[in-house]
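Please read the structure below before turning to the comments.
The values are calculated or read from the model by the stated rules, or taken from the named source; none is laboratory data. Not measured: the values here are computed from a predicted model. As a convention, Cβ positions derive from the backbone with ideal geometry for all residues, glycine included, and neighbour counts pool all protein chains shown.
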């Protein structure tokens, strides 16, 4: 049986791993290679590296660490942040990344997703969606890496998830902004809406604070994987303990 | 020297790095002479079957691969290319294994691509399985699958039962990515490296 994936997200800023609360006030969490190796050794199923500044200030992610990660670790990883052209994507994939994730550039120009999918295959292309829930409406936000530039896009989250799938995204990471960094659990309602609207894998992001939140997510939804950052970096939740806990709750994981 | 056939996929580098971690030198190439004289040959592949086959045709590699006598390991799409046909674009493949690859159908519980860690279910003994536990998890990413055939070494289940590892004489393949499958994948690659040329 396909296991539920436990994914650690490393927000990268200026070559260091950082974490903010609801995308603000970034705090240094450590060195990229050291943290990546630790997670791989602990049995993380996948890593996501997200350059949180890249999309909003027009830079592409610094490539040197992508190559170092690819040489060092033996679990899949995805690189996100400021990938705006086929050349940007090609450089990162050639450096050894398994997938690239696009967010704001796809909102600016949705056909970018189909271009990436036709060149690299849908399995390489992840659509990152930052979604904010307000009065039962789910809206996509753009340029969330920098709060001074963050804007509410015109797009409804479910419609956008369906659109990116149609265009060729092979996976969706749904970041539920209301819950991000506040450790009160995943946004089950938003995740259910998106999960049932598309056929590609959907990864939950935003809100993990305790072991029980992962159980709630996997029991109440058919979501394919759970992404978290600060609770892993801080050691509040350890990957081996989380997997043992999920296994004890009859949720299939890789141990 | 180990030849990694440059089948045009973007993230082939990770296969080369995995071999480096095992202390093995390799070269990424589409040169027929280098491939023919290599001790071992890896055929990685991501993306679409028609594109990959077109590239092998353009590089004049179809006959070359079909006639290799040293150990050959296809990875992911590279494994499927060793079969006879893919439903993806109705594409004739290299034809070592006599079966056709078909698409997964998504359901409410099963998204497609089949992406993530799934269990190996051993079908018969094979050197690639040395030191690997039956039921070990490996990392898959694919939308098409090869059916079970007599040469299936290990199966996997995702709605359909499909071939996860295949082996016949010098031709072998893994549907999953051993280079991204943690210690289990590293062991399988190591086993391949240890198969006598």
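Of everything in the stretch A:226-242, what is part of a helix (DSSP H, G or I) and either at pLDDT 95 or above or within 15 Å of residue B:116 (Cβ to Cβ) (or both)? Give them in sequence order.
So in the stretch A:226-242, the residues part of a helix (DSSP H, G or I) come out as A:230-233, A:239-242.
Across the stretch A:226-242, the qualifying residues are A:239, A:240, A:241, A:242.
Would the stretch B:22-43 turn up any residue that is in a helix (DSSP H, G or I), touching a residue at least 60 places away in the same chain (Cβ under 8 Å), in contact with a helix residue (DSSP H, G or I) (Cβ under 8 Å, 6 or more places away or on another chain) and within 14 Å of chain A (Cβ to nearest Cβ)? Within the stretch B:22-43, not a single residue is in a helix (DSSP H, G or I), touching a residue at least 60 places away in the same chain (Cβ under 8 Å), in contact with a helix residue (DSSP H, G or I) (Cβ under 8 Å, 6 or more places away or on another chain) and within 14 Å of chain A (Cβ to nearest Cβ).
In the stretch A:87-101, of all residues being more than 10 Å from chain B (Cβ to nearest Cβ) and without any contact (Cβ under 8 Å) to a residue 60 or more places away in the chain, the one that is farthest from residue A:155 (Cα to Cα) corresponds to A:87.
Would you point out which residue out of B:74, B:23, B:8 is modelled with pLDDT of 95 or more and on the phi > 0 side of the Ramachandran plot?
On the way: B:74 fails: on the phi > 0 side of the Ramachandran plot; B:8 fails: modelled with pLDDT of 95 or more.
Exactly one residue qualifies, and that residue is B:23.
Pick from the stretch B:144-157 the residues that are under 18 Å from residue B:83 (Cβ atoms) and surrounded by fewer than 21 Cβ atoms within 10 Å (Cβ to Cβ): which of them is farthest from the chain's Cα centre (by Cα)? It would help to see each step written out before you state the result.
Going residue by residue through the stretch B:144-157, those that are under 18 Å from residue B:83 (Cβ atoms) are B:144-156.
This time we only want the ones that are surrounded by fewer than 21 Cβ atoms within 10 Å (Cβ to Cβ), so: B:147-150, B:155.
Values: B:147: 14, B:148: 15, B:149: 15, B:150: 17, B:155: 13 Å.
Selected residue: B:150.
For the stretch A:226-255, a residue qualifies if it is closer than 26 Å to residue A:27 by Cα and buried (at least 23 other Cβ atoms within 10 Å of the Cβ), and the qualifying residues are A:226, A:227, A:228, A:229, A:232, A:242.
Let's see how each residue does on (1) in contact with a helix residue (DSSP H, G or I) (Cβ under 7 Å, 6 or more places away or on another chain); (2) free of Cβ contacts under 8 Å to residues at least 60 places away in the same chain; (3) on the phi < 0 side of the Ramachandran plot:
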{"residue": "A:107", "(1), (2), (3)": "no, yes, yes"}
{"residue": "A:118", "(1), (2), (3)": "no, yes, yes"}
{"residue": "A:125", "(1), (2), (3)": "yes, yes, yes"}
{"residue": "A:130", "(1), (2), (3)": "no, yes, yes"}
{"residue": "A:137", "(1), (2), (3)": "no, yes, yes"}
{"residue": "A:141", "(1), (2), (3)": "no, yes, yes"}
{"residue": "A:147", "(1), (2), (3)": "no, no, yes"}
{"residue": "A:153", "(1), (2), (3)": "yes, yes, yes"}
{"residue": "A:164", "(1), (2), (3)": "yes, yes, yes"}
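Given the condition within 13 Å of another protein chain (Cβ to nearest Cβ), within 26 Å of residue A:3 (Cα to Cα) and buried (at least 19 other Cβ atoms within 10 Å of the Cβ), answer yes or no: does some residue in the stretch B:59-74 qualify? Spell out how you get there, then give the answer.
Keep residues of the stretch B:59-74 that are within 13 Å of another protein chain (Cβ to nearest Cβ), which gives none.
No, the stretch B:59-74 contains no residue that is within 13 Å of another protein chain (Cβ to nearest Cβ), within 26 Å of residue A:3 (Cα to Cα) and buried (at least 19 other Cβ atoms within 10 Å of the Cβ).
Residue check: residue B:82 meets all listed conditions (1) within 11 Å of another protein chain (Cβ to nearest Cβ); (2) within 21 Å of residue B:172 (Cβ to Cβ) but one, namely (1). Comparison of B:137, B:126, B:177 shows that the only residue that is at pLDDT 95 or above and within 12 Å of the chain's Cα centre (by Cα) is B:177. Every listed requirement among (1) away from chain B (no Cβ under 13 Å); (2) part of a loop (DSSP other than H, G, I, E, B); (3) buried (at least 21 other Cβ atoms within 10 Å of the Cβ); (4) at pLDDT 95 or above is met by residue A:223 save one, (1). For residue B:181, the stated conditions hold: it is out of contact with any helix residue (DSSP H, G or I) (no Cβ under 6 Å at 6 or more places or on another chain) and buried (at least 21 other Cβ atoms within 10 Å of the Cβ).
Quick check on the stretch A:194-216: of everything there that is touching a helix residue (DSSP H, G or I) at 6+ places or on another chain (Cβ under 7 Å) and assigned to a helix (DSSP H, G or I), which residue is farthest from residue A:29 (Cα to Cα)? Only one residue tops the list, namely A:197. Taking the conditions (1) over 17 Å from the mean Cα position of the chain (by Cα); (2) farther than 28 Å from residue B:186 by Cβ; (3) at pLDDT below 95 in turn, residue B:51 satisfies each one other than (1). For the stretch B:152-161, state whether one or more residues are out of contact with any strand residue (DSSP E or B) (no Cβ under 8 Å at 6 or more places or on another chain), at pLDDT 95 or above and more than 14 Å from chain A (Cβ to nearest Cβ). Checking the stretch B:152-161: not a single residue is out of contact with any strand residue (DSSP E or B) (no Cβ under 8 Å at 6 or more places or on another chain), at pLDDT 95 or above and more than 14 Å from chain A (Cβ to nearest Cβ). Of all residues in the stretch A:171-192, none satisfies the criterion of being in contact with a strand residue (DSSP E or B) (Cβ under 7 Å, 6 or more places away or on another chain), surrounded by fewer than 24 Cβ atoms within 10 Å (Cβ to Cβ) and within 14 Å of chain B (Cβ to nearest Cβ).
From the list A:38, A:109, A:59, exactly one residue is more than 18 Å from the chain's Cα centre (by Cα), at pLDDT 95 or above and more than 22 Å from residue A:201 (Cβ to Cβ). Which is it?
Working: A:38 fails: at pLDDT 95 or above; A:59 fails: at pLDDT 95 or above.
Every option except A:109 fails the conditions.
On the stretch given as the stretch B:184-197, residues that are touching a strand residue (DSSP E or B) at 6+ places or on another chain (Cβ under 9 Å) and surrounded by fewer than 19 Cβ atoms within 10 Å (Cβ to Cβ) total 3.
Residue A:11 fulfils the conditions (1) modelled with pLDDT of 90 or more; (2) crowded, with 24+ Cβ neighbours inside 10 Å except for a single criterion, (1).
Output yes when any residue across the stretch B:83-90 is out of contact with any helix residue (DSSP H, G or I) (no Cβ under 6 Å at 6 or more places or on another chain) and crowded, with 23+ Cβ neighbours inside 10 Å, and no when none is.
To start, the set of residues in the stretch B:83-90 that are out of contact with any helix residue (DSSP H, G or I) (no Cβ under 6 Å at 6 or more places or on another chain) comprises B:83-85, B:87, B:90.
From the residues that got through so far, the ones that are crowded, with 23+ Cβ neighbours inside 10 Å too are B:83.
Checked against the condition, which is being out of contact with any helix residue (DSSP H, G or I) (no Cβ under 6 Å at 6 or more places or on another chain) and crowded, with 23+ Cβ neighbours inside 10 Å, the stretch B:83-90 yields at least one hit.
For the stretch B:95-118, a residue qualifies if it is in contact with a strand residue (DSSP E or B) (Cβ under 8 Å, 6 or more places away or on another chain), over 22 Å from residue A:121 (Cβ atoms) and free of Cβ contacts under 8 Å to residues at least 40 places away in the same chain, and exactly one does: B:95.
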